[in-house]
Amino acid sequence: MTTLVRWNPTRNMRRMHSDIDRLMESFFETPRVSGSKSTTGGLPVDVAESADSYVISAPVPGLKSEDIDITVEDGVLSISGAFNHSYGSTENADETETAAVKLHIQERRYGSFARKLRLPKDVDGEGIEAKQEDGILTITLPKSEAAQPKKITVS
């Protein structure tokens with residue numbers, strides 16, 4: 001016996017949209033480290049692409065440039081650092097009181113963070129630049145010359 005299923009074009013479009021989303025998420029996939037029991041938190045990032053570069057932006061409120069570590073190794077960009085309390089140490093993340101201050105509400109994030117992003121193959125690792133301004137870390141990853149579009153003039 002054959003079952004007829006009514007064709008629904010919106011279902012097909014939703015499936016295609018979902019497939020494209022999964023593809024884009026895997027492009028900047030965060031590498032997994034097996035057996036790792038890290039207590040660090042992740043760092044939320046935005047990733048944008050232009051014709052000649054990728055730009056990664058992340059919120060780092062209250063951090064100085066020297067408090068942020070950025071490395072590139074084996075095609076993986078690593079960003080790490082630590083948010084500090086204005087009233088105490090970050091050594092004990094469960095500490096909610098100091099001698100002079102009793103904490104009632106804690107909504108700001110503190111403690112160490114780490115984020116790893118696998119870089120696309122077309123990134124020029126030598127030209128990577130990072131800057132921190134107004135609490136936003138911006139990392140610019142230029143594309144290699146071979147990956148950039150070329151304008152061909154017609155004679």
For this session: Return the total of residues in region 53-74 being modelled with pLDDT under 90 and under 17 Å from PRO120 (Cβ atoms).
Result: 1
Exercise. If only one of THR40, THR2, THR30 is at pLDDT 60 or above and of a type in the set (Val, Ile, Thr), which one is it?
Worked result: THR2
Seminar exercise, completed: Selection from region 125-155 of residues hydroxyl-bearing (Ser, Thr, Tyr) and either closer than 30 Å to PRO61 by Cα or surrounded by 10 or more Cβ atoms within 10 Å (Cβ to Cβ) (or both) yields THR138, THR140, SER144
Exercise. What do you reckon, is GLY81 of a type outside the set (S, T, N, Q) and at pLDDT below 75?
Worked result: no
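The values are calculated or read from the model by the stated rules, or taken from the named source; none is laboratory data. Since the model is a prediction, treat every value here as computed from it, not as a measurement. Because the Cβ atoms are built from the backbone with ideal geometry, glycine has one as well, and the counts that use them run over all protein chains shown.
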